[in-house]
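The values are calculated or read from the model by the stated rules, or taken from the named source; none is laboratory data. Computed from a predicted structure; not experimentally measured. Heads up, the Cβs are rebuilt from the backbone with ideal geometry, glycines too, and the neighbour counts pull from every protein chain shown.
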Amino acid sequence: MIELYAGVAINGLMIGAVYALVATGLNLIFGVMRVVNFAHGEIVVGGMYIGYGAWALLGLPTSVSVALAAIVMFGFGYCFQRLIGNQFANRPQHAQFVLYISLALIITGGLAMAFGPDPRSIQSAASFSVYKIGSLRVDATRLQAALSAAGVILALWLWLRFSLTGKALQAASQNIIGGRAIGIRIDHVFAIATGIGFACAGIAGALIAPLYDTTPYLSADFTLIAFIIVIVGGLASLPGAMLGGLIIGLVEGLAAILFDPSAKSLLSYGLLIAILLFRPMGLLGKRRAL
Amino acid sequence: MLQIESLTKRFSGLVAVNDVSFSAAKGSITALIGPNGAGKTTCFNMIAGATAPSNGRVMFDRHDITQLTPEKRCDLGLSRTFQIMRPLAGMSVLDNVMVGALLRTTSLSVARDEAREILASVGMTSAADRSAASLTLPDRKMLELAKALATKPQLLMLDEVMAGLRAQEAERIVAVLQTLRASGTTILLIEHVMRIVMSLAEKIIVLQQGEKIADGSPPDVVRNPRVIESYLGRKGAAA
Amino acid sequence: MSGSTTTRRQVALGSIFLLILLLLPLVVDGYYQTMLTTIFITALVGIAWNLMMGFAGQLSLGHALYFGIGAYVVALMAERYGLSPWLGFPVGFLVTSGLGLVVGFLGFRFGVKGVYFALLTIAFAEFARLLFEHWDYVGKTGGLFLGSVKPDNRSLITLRGSATFYYYAVLATTLFAWLWCGYLVRSRLGYFWRAVRDDEDAARALGVRAFRVNLLAAGISAGITGIAGGWFALMNGNLFPESVLGMRVSIDFIIAPIVGGLGTLCGPILGALIVVPLNEIAKEAGQALGLNGLNILLYGTLLFIVIVAAPDGCWPWLANRLALAGRSSSKPDGP
């Protein structure tokens with residue numbers, strides 16, 4: 001019995017690590033630009049299709065498709081922000097929200113037209129391999145996805161802390177006007193932030209492509225999960241995204257065996273509402289961002 | 001009319017306003033002056049209810065209003081303008097002024113008539129139907145004043161309504177304020193234009209680094225050595 | 001004054017538009033009548049949503065909550081207890097406006113604003129959807145079905161009937177809601193709404209009870225949306241949590257008022273007239289061409305164009321064309 005729970009908990013934590021990567025992207029965009037990317041789940045699904053396409057058309061392994069997804073989504077995010085997003089920097093909040101909603105619809109519609117509504121799945125021998133740790137059996141693909149996601153998050157943190165551009169990004173998130181005053185090219189920095197945010201989502205998508213049946217309509221679930229995580233962890237807090245991702249992964253996993261597999265999100269939304277009302281800055285958020 | 005007792009505001013360690021007390025008599029004009037960062041606007045916000053004080057009381061007409069929300073204070077007859085002007089940008093000038101008037105009447109036509117009267121009294125009749133977002137700086141200042149007047153305040157609090165105006169435009173406001181005082185309205189103002197403060201106010205409170213350093217009639221305050229030293233210095237000599 | 005001639009023009013053109021709508025069922029068949037009824041329902045929700053967003057400045061992305069609950073209340077009362085929707089609609093209105101007040105109360109009392117408020121509304125709507133998907137009483141994901149209309153059905157009692165019946169009934173409801181909202185936004189309350197929308201602190205300094213005024217907007221908006229949901233239930237005959245409470249429903253409903261023009265009374269109607277037929281056409285074309293998702297792509301593109309190029313929406317432009325704009329400055333709050 002204990003082993004069952006332990007197995008579920010580990011599974012939950014592993015998927016939670018990937019969620020954390022998705023949420024980190026959302027959080028980075030919010031932290032720098034104070035914009036909520038409503039199309040985040042769509043980018044994840046885009047990454048999943050890249051993973052699927054790379055496997056189905058070219059037989060490429062996940063490691064290559066992840067790199068591909070990162071490059072494509074970074075480029076997309078950078079261009080989107082440069083061409084359109086930056087014009088919205090001074091528009092009211094609802095206008096920014098609606099812009100991203102429209103982007104979400106365009107991506108979902110585009111993917112549905114390109115790939116159709118039928119689920120696409122990657123079937124390879126690797127999907128069946130497991131690691132055995134004592135009596136625990138851990139799905140190999142899932143573990144690789146979790147470790148890669150954690151690795152990307154770690155690399156991103158280091159980059160933000162130690163690279164010049166990363167520091168500029170952080171400065172911009174502290175104070176946009178101040179950042180401009182010390183010579184940060186704000187348009188460029190915003191575009192970089194969006195690019196990295198999109199890349200995080202794209203990488204996460206490519207990582208989980210072997211685990212899920214990909215359909216265009218998965219996107220809303222991913223967007224909502226990312227929202228829940230960043231609110232629970234704290235908007236604009238990167239450690240918060242990590243913690244929130246693990247919590248939500250764990251909660252969903254345990255809820256699925258304790259109650260009912262389909263009841264898992266119910267608990268997440270309950271958690272979200274409670275956090276919004278009683279600790280709107282999130283578990284690790286310092287101050288109200290807005 | 002208005003009595004402030006040991007008002008204090010601390011922002012995470014920083015003391016913005018420290019133990020400030022003063023009073024304003026009915027039908028008088030009191031000016032709050034001091035260098036930038038002296039705590040004038042914080043003091044103002046505490047009196048208007050936009051910021052909660054860490055310590056102290058605000059008495060209005062012998063009632064303790066320290067715990068009241070801004071809208072309740074407005075009911076009691078306390079009205080304020082904002083230093084950074086806040087016209088209701090999606091509405092016309094007339095509509096802006098009507099909002100304040102609608103507090104006391106449920107009739108739109110009564111409110112509209114009152115708003116027109118108030119706009120006439122500040123010389124803005126011709127701008128009534130324009131969008132509030134399209135106004136020039138002096139007109140925005142006038143609109144701030146008109147909005148506050150529409151609530152028919154007993155105590156009118158003005159945060160730098162004359163800053164950035166040319167002498168002529170400032171004179172218009174001074175005239176309005178004198179009429180108001182004559183009709184019994186109490187006025188509390190933050191102002192930088194010393195010439196106007198000297199000629200208009202019965203009483204001047206000087207703040208410096210959150211503390212009150214002088215309180216008295218204009219001639220007394222100008223003669224006060226601490227004021228001359230710390231704030232009026234050059235300006236005082238020029239005045 | 002040119003104001004009165006503008007008003008006369010407005011009334012004249014409005015009457016002609018209404019007259020056309022009244023006569024239209026004589027010349028178009030059931031299919032188009034149903035599509036027009038869908039337009040009215042979309043316009044009705046749009047009017048309600050716009051009251052909250054366009055006039056009171058609160059972004060709700062969870063209006064499916066009120067639409068879905070309104071639909072379920074009317075349907076359950078009719079189907080499980082045999083009660084006439086004449087009772088179901090008032091109950092639905094009370095329940096949904098109550099829900100709107102609760103969500104609003106929690107949001108405003110706890111200072112949940114802007115993006116956070118939008119996320120809170122999504123959370124409540126999704127929570128309700130998941131709840132309904134696990135609740136036996138409402139049929140879970142399997143849905144809730146209204147029995148077929150009996151041969152001796154009397155539409156005025158059961159409020160069910162032919163496409164033509166729904167057409168006129170929903171048209172009347174929408175007209176009523178439009179007039180009511182028109183009255184409200186021009187009333188004292190409307191001034192307070194717009195004041196709070198433009199600057200909450202400044203409005204409070206002028207004595208406006210921001211909290212109460214915001215709550216009223218949330219409650220009224222939710223109630224009207226619930227009524228729209230009720231008509232949807234009666235007309236459709238079946239309800240699924242995903243189809244009335246899902247997030248896509250909330251998103252779809254905000255497209256029409258934004259395309260039509262935020263903060264205008266006619267915007268949601270014009271928006272619905274544009275968006276619903278477009279969606280239908282795109283759906284059919286998508287099916288014919290085997291292109292699933294064409295309608296979503298089109299929705300997204302339309303929304304994108306409007307928000308980038310014409311953030312005020314189509315109505316202000318059309319109103320100018322028809323010389324309906326009253327004051328020169330009446331861009332956002334004109335008729």
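How about the stretch A:139-196: which helices (runs of 4 or more DSSP H) wholly inside it have at least 3 residues that are modelled with pLDDT under 85?
On the way: elements: A:140-162, A:164-174, A:176-181.
Result: A:164-174, A:176-181.
Just so you know, in the stretch A:112-134 the residues that are modelled with pLDDT of 90 or more and at the interface with another protein chain (Cβ under 7 Å from one of its Cβ atoms) include one that is nearest to the chain's Cα centre (by Cα), and it is A:A112. The set of residues in the stretch C:236-264 that are closer than 16 Å to C:C181 by Cβ, out of contact with any Pro (no Cβ under 6 Å at 6 or more places or on another chain) and outside any helix (DSSP H, G or I) comprises C:L262, C:T264. Looking across the stretch B:139-154, just one residue is aliphatic (A, V, I, L, M) and within 24 Å of B:G37 (Cα to Cα), and that is B:L145.
Does the stretch A:59-104 hold any residues that are of a type in the set (G, A, S), more than 10 Å from every other protein chain (Cβ to nearest Cβ) and surrounded by 21 or more Cβ atoms within 10 Å (Cβ to Cβ), and which are they? Selection gives A:S65, A:A69, A:A70, A:G77, A:G85. Scanning the stretch C:65-84 for residues that are in a helix (DSSP H, G or I) and surrounded by fewer than 23 Cβ atoms within 10 Å (Cβ to Cβ) yields C:L76, C:M77, C:A78, C:E79, C:R80, C:Y81.
Taking B:L158, is it modelled with pLDDT of 90 or more, more than 14 Å from every other protein chain (Cβ to nearest Cβ), under 21 Å from B:R73 (Cα atoms) and crowded, with 23+ Cβ neighbours inside 10 Å? Steps first, please.
Values: modelled with pLDDT of 90 or more: yes; more than 14 Å from every other protein chain (Cβ to nearest Cβ): no; under 21 Å from B:R73 (Cα atoms): yes; crowded, with 23+ Cβ neighbours inside 10 Å: yes.
When the stated conditions are applied, B:L158 does not pass them.
The residue of the stretch A:240-290 that is farthest from the other protein chains (Cβ to nearest Cβ), among those that are in a helix (DSSP H, G or I) and of a type in the set (D, E, K, R), is A:E252.
Kindly establish whether A:V130 is closer than 30 Å to A:I10 by Cα and either touching a Ser or Thr at 6+ places or on another chain (Cβ under 6 Å) or surrounded by fewer than 21 Cβ atoms within 10 Å (Cβ to Cβ) (or both). It would help to see each step written out before you state the result.
Numbers: closer than 30 Å to A:I10 by Cα: yes; either touching a Ser or Thr at 6+ places or on another chain (Cβ under 6 Å) or surrounded by fewer than 21 Cβ atoms within 10 Å (Cβ to Cβ) (or both): yes.
Yes, satisfied.
The set of residues in the stretch B:34-77 that are within 9 Å of chain C (Cβ to nearest Cβ) and either among the hydrophobic types (A, V, I, L, M, F, W, C) or crowded, with 17+ Cβ neighbours inside 10 Å (or both) comprises B:A48, B:G49, B:A50, B:P70, B:E71, B:R73, B:C74. Residues that are of a type in the set (G, A, S), farther than 17 Å from A:G240 by Cβ and surrounded by 14 or more Cβ atoms within 10 Å (Cβ to Cβ) within the stretch A:142-175 comprise A:A145, A:A146, A:S148, A:G166, A:A168, A:A171, A:A172, listed in sequence order.
Tallying residues that are within 14 Å of chain A (Cβ to nearest Cβ), of a type outside the set (D, E, K, R) and surrounded by 15 or more Cβ atoms within 10 Å (Cβ to Cβ) within the stretch C:123-170 yields 9.
Given the residues C:A195, C:A177, which is the only one that is over 30 Å from B:T81 (Cα atoms), surrounded by 19 or more Cβ atoms within 10 Å (Cβ to Cβ) and among the small types (G, A, S)? Lay out the reasoning, then the answer.
Details: C:A195 fails: over 30 Å from B:T81 (Cα atoms).
Testing whether each residue is over 30 Å from B:T81 (Cα atoms), surrounded by 19 or more Cβ atoms within 10 Å (Cβ to Cβ) and among the small types (G, A, S) leaves just C:A177.
Take C:A71 and decide whether it is touching a residue at least 40 places away in the same chain (Cβ under 8 Å), closer than 15 Å to C:A218 by Cβ and among the aliphatic types (A, V, I, L, M).
Numbers: touching a residue at least 40 places away in the same chain (Cβ under 8 Å): yes; closer than 15 Å to C:A218 by Cβ: no; among the aliphatic types (A, V, I, L, M): yes.
It is false that C:A71 is touching a residue at least 40 places away in the same chain (Cβ under 8 Å), closer than 15 Å to C:A218 by Cβ and among the aliphatic types (A, V, I, L, M).
Taking (1) within 14 Å of chain A (Cβ to nearest Cβ); (2) surrounded by fewer than 24 Cβ atoms within 10 Å (Cβ to Cβ) in turn, C:F253 satisfies each apart from (2). Being more than 10 Å from every other protein chain (Cβ to nearest Cβ) and either touching a residue at least 12 places away in the same chain (Cβ under 8 Å) or surrounded by fewer than 22 Cβ atoms within 10 Å (Cβ to Cβ) (or both) holds for only one residue in B:S131, B:S121, and it is B:S121.
Being facing chain B (nearest Cβ under 7 Å) and either among the basic types (K, R) or in contact with a His (Cβ under 8 Å, 6 or more places away or on another chain) (or both) is the filter here; which residues of the stretch C:171-196 pass it? Of everything in the stretch C:171-196, those that are facing chain B (nearest Cβ under 7 Å) and either among the basic types (K, R) or in contact with a His (Cβ under 8 Å, 6 or more places away or on another chain) (or both) turn out to be C:R188, C:R194.
Looking only at the stretch A:200-221, residues that are surrounded by 24 or more Cβ atoms within 10 Å (Cβ to Cβ) and either within 10 Å of another protein chain (Cβ to nearest Cβ) or hydrophobic (A, V, I, L, M, F, W, C) (or both) come to 9 in all.
Yes or no, residue by residue, for (1) buried (at least 16 other Cβ atoms within 10 Å of the Cβ); (2) more than 18 Å from the chain's Cα centre (by Cα); (3) among the charged types (D, E, K, R):
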| position | (1), (2), (3) |
| --- | --- |
| B:L7 | yes, no, no |
| B:S12 | no, yes, no |
| B:G27 | yes, no, no |
| B:L32 | yes, no, no |
| B:I84 | no, no, no |
| B:G90 | yes, yes, no |
